[in-house]
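Student: My questions all concern the structure below.
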Amino acid sequence: MYLVDYHLHSKYSFDGAHELRDICETAIERGLSEIAITDHMDIYSDKPYEYILDCKSLYKELEEMKEAYRGRLKVLSGVEYGQPQANRKEALRFLAEYPLDFIIGSIHNLWDDKDAYDYNYNETDYHVVYDGYVEWLYTLAAEYDYDVLGHVTYPSRYVYMQTGIEVDVRQYQEQYVEIFKKVIERGKGIELNMSGIARGLKDTMPDMYLLKLYRELGGEIITVGSDAHLLEHVGIVTKQGYEMLKEAGFRYFTVYDRREAQFLPLE
Ligand SMILES: [Zn+2]
Ligand SMILES: [Zn+2]
């Protein structure tokens, strides 16, 4: 079985810890054939992109890793590109300056550069944040460059962790249909983010309901990633991810070669 992990964070992310080499070694130990390092490039309204991520060191070291592991592990230079609409100029400057293999487009921060994670949902009605989230996600899906949308339904996890409320995504079905249609029309995809399973939480992002909806609308491009920030989570949920994809009606999962989607059969 060809195992991959298409969403990994290293020490270069503000919330990451591990050396690239240790991530590669762990991936090989766990039988993975391919990984994408997707450190955070969160765009802020008032900061140059260099402030967020040490791109020079990261992408130089990633080139060294590609060489060092050639033939044993395919390593992709990726990024988790957060809310480019927060500062279009900086977001575009970053992409122009760093040619990447794979781009996850994510929404973390909404208004005032505030992360959906940082709201107190016991005080703030989650609908306020969620309404903004789906709107921002649509703008990202429609107007920016990316390969797959990252962890679709991102605020749901934090609402659940803080309040125990399980957000019923069907309230936002109309918006998700528009987002998925746009993704498909542009020849792009989404990821199945397995971090909830890796960390012992309830669900994947998106959940099975939305995964099936995406597939029914004609969505075919789908990557699988753990969103691991710790070595212990690298690659541990890939097989479960493949099983979920099959259950949702997919016959292939997607890998990339210099931003070109390739489809591998789900055995
Ligand atoms: Zn993220
Ligand atoms: Zn991530």
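Throughout, read-outs are computed from the coordinates displayed, never taken from laboratory work. Values in this document were obtained by computation on a predicted structure and should not be read as measured data. Note: ideal-geometry Cβ built from the backbone for every residue, glycine included; neighbour counts use all protein chains shown.
Student: Taking the Cβ of each residue in V79, V169 as the centre, tally the other Cβ atoms inside 10 Å and list the residues starting with the fewest.
Tutor: Lowest to highest Cβ neighbour count: V169, V79.
Student: So how far apart, in nm, are the two label points at V128 and Q240 if each is 7 Å from Cα heading toward Cβ?
Tutor: It works out to 3.4 nm between the two label points.
Student: Hey, quick one: spin label on K202, modelled 7 Å out along Cα-Cβ, who in segment 135-168 has an amide N within reach, i.e. under 15 Å?
Tutor: In segment 135-168, the label zone of K202 (backbone N under 15 Å from the point 7 Å along Cα→Cβ) covers 153-168.
Student: Roughly how many nanometres apart are two label points built 7 Å out from the Cα toward the Cβ at A17 and L230?
Tutor: Going by the 7 Å Cα→Cβ label model, 0.6 nm.
Student: Find out how many positive minus negative residues lie around V234, taking Lys and Arg as positive, Asp and Glu as negative, among other residues whose Cβ is under 10 Å from that of V234.
Tutor: So the surrounding residues net to -4.
Student: Something else: Taking the Cα centre of each part, how many Å lie between segment 202-262 and segment 1-79?
Tutor: Between the Cα centre of segment 202-262 and that of segment 1-79, the gap is 18 Å.
Student: Quick one: length gained pulling Y51 to Y98 fully straight, 0.36 nm per residue minus the C-alpha distance?
Tutor: Difference between extended and current length: 15.4 nm.
Student: Using a/c under 1.5 as the rounded threshold, could you call the chain rounded, prolate or oblate? The axes a ≥ b ≥ c are square roots of the C-alpha gyration tensor eigenvalues, and prolate needs a/b larger than b/c, oblate otherwise.
Tutor: Cα axes put the chain in the rounded bin.
Student: Moving to a separate point now. Roughly how many debye, to the nearest 20, is the charge dipole of the chain about its Cα centre, given +1 on each Lys and Arg Cβ, -1 on each Asp and Glu Cβ, and no other charges?
Tutor: Value, rounded to 20: 700 debye.
Student: So, one more: Full-extension gain between R259 and I28, please, as 0.36 nm times their residue separation minus the C-alpha to C-alpha distance.
Tutor: Gain in length upon complete extension: 80.9 nm.
Student: Please compare each pair in K114/K182; K89/K114; K74/K239 to a cut-off of 21 Å on the Cα-Cα distance and tell me which ones are over it.
Tutor: K114/K182
Student: HN-Hα J couplings of segment 174-187 from phi, Karplus 6.51/-1.76/1.60, θ = phi - 60°, integer Hz, Gly and Pro as x?
Tutor: 4, 5, 5, 4, 4, 4, 5, 4, 5, 4, 5, 4, 8, x
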